[in-house]
Amino acid sequence: MSAESTPDRPGTAGETGTTGRRHRAGGRRRKPRGRRRKGLLITAWVAAGIVVLGGTGAGYLYFKLNGNINSVDIDQVLGTDRPEKADDGSQNILVLGSDTRAGSNKKVGGGTDDGTARSDTAMVVHVYQGHEKASVVSIPRDTLIDRPECTDGDGETHDAADDVMFNSAYSTGGAACAVKTVEAMTDLRMDHYLEVDFAGFQKLVDELGGVEVTTTADIDDPDSHLKLKAGTHRLTGEQALGLVRTRHGVGDGSDLGRIQLQQAFVKALVAQVKDVGVFTSPKKLYDLADTATKTVTTDSGLGSVNSLMSFANGLKDITPANMHMITMPVQYDPADPNRVLVQEKKSQQVWQALKNDRPIPAKATAGTAAGEAKGVVTR
């Protein structure tokens, strides 16, 4: 949900057992704009394009594709004042998408290219020891948080700020600031960073031949231009983009409902990649790899095709059935239904479980704001 957007219904404010602090409403309300900025980040988008590189003998492609990849040296910017790396073989990856309208993203994302971008969707992906299971925690973009002091990629320092939206960290200090903010929230070291964009997602889905999903309810959202009757559909890239951007067509109209749709689509996309016979077609393999490497920005540790291939190979045994997906425990802000507050105690249960490489306990998400779109999209 964008900085200007509001949920159709605020949900329940102050759920039982919440510990998120109240925030002042002053200066927080924003006038809705006719053209809402909605973007996307889908974890499987990255996995889809990169996994096709893993396990193949197409070594001659790697050199050509290396030049496509953009990378950011987050370790150099953040220095050593960070949570310690896990020593048990597990990994944490921050997967982020920005709502920039630059270049080809303007056509598919809508809105105006004003030279700024915010993180539209953020997912902390925890890969457990053994790399056969993963937990994915979505962080709502409208969560009010305390952002730490950040230094951006140009060396400029930005003062810490209280009670700001989570997605402003990226617009303030770029990828490094987003990583530092997540690490401050979770006390988890982010081993890697992946960022993707609108246009590549749409093209990738089309190159995969579409992604099949089943909807259990009609979806009609004029903002995302998506109309789907209840039933089974093979979504084109344009339809898939509409699905993961839609809010008003389903659930309570909030970003939390949209997150539930995105999580369901992630599993469908991962399943689709495993079913498509890309290895029998060199052209299809190259087209997918070319799209993926052009649309992903990584930390410098993944800034080459060989590094991405090795990383993807380490994830190849994770199936949709072994992906546990939740939203960070939040409640709607009683002072402003356009925002959500962290449920501190429950969120700490989530982060502590991942820090200990343990499954996330069900009690951590019980009674939290959800979005009411769970089960609307299935594989």
Area of ARG82 that stays accessible when all protein chains are in place (1.4 Å probe, Å², to 10): 30 Å²
Distance in nm between pseudo-label sites at ASN66 and TYR286 (7 Å out along the Cβ direction from Cα): 1.9 nm
FRET efficiency, ARG189 to THR378 (Cβ-Cβ, R0 30 Å, nearest 0.05): 0.30
Cβ-based charge dipole, region 126-231, positive-most Cα from SER224, HIS131, LEU194: HIS131
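Given all pairs of different Cα atoms, what value in angstroms does the Kirkwood hydrodynamic radius of region 133-199 take? The partial results should precede the final answer.
Details: mean 1/r = 0.0791 Å⁻¹.
Here the Kirkwood hydrodynamic radius works out to 12.6 Å.
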Amide N proximity, region 119-154 versus ALA160 label position 7 Å along Cα-to-Cβ, cut-off under 19 Å: 144-152
Tensor-based shape of region 195-251 (alpha-carbon gyration tensor, a/c under 1.5 rounded, otherwise prolate or oblate): oblate
Nearest-10 value in Å² for the accessible area of GLU132, using the 1.4 Å probe: 110 Å²
Surface accessible to a 1.4 Å probe, ASP142 within the full protein complex, Å²: 0 Å²
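For region 291-350, what relative contact order do you get, as a whole percent, if you take Cα pairs closer than 8 Å and at least 6 residues apart? The partial results should precede the final answer.
Numbers: 27 pairs, mean separation 11.3, N = 60.
Reported relative contact order: 19 percent.
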Shape category assigned to region 330-379 from the gyration tensor of Cα positions, a/c cut at 1.5: oblate
Label point 7 Å beyond Cα of ASP317 along Cβ direction - residues of region 338-379 with amide nitrogen under 14 Å: none
Inter-label distance, nm, simple model (7 Å from Cα along the C-beta direction), LYS363/ARG234: 4.7 nm
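The values are calculated or read from the model by the stated rules, or taken from the named source; none is laboratory data. Not measured: the values here are computed from a predicted model. Don't worry about glycine lacking a Cβ; one is built from the backbone with ideal geometry, like all the others, and counts go over all protein chains shown. Surface accessibility is based on the protein's heavy atoms, side chains included, excluding ligands, DNA and RNA. Shrake-Rupley method; radii C 1.70, N 1.55, O 1.52, S 1.80 Å.
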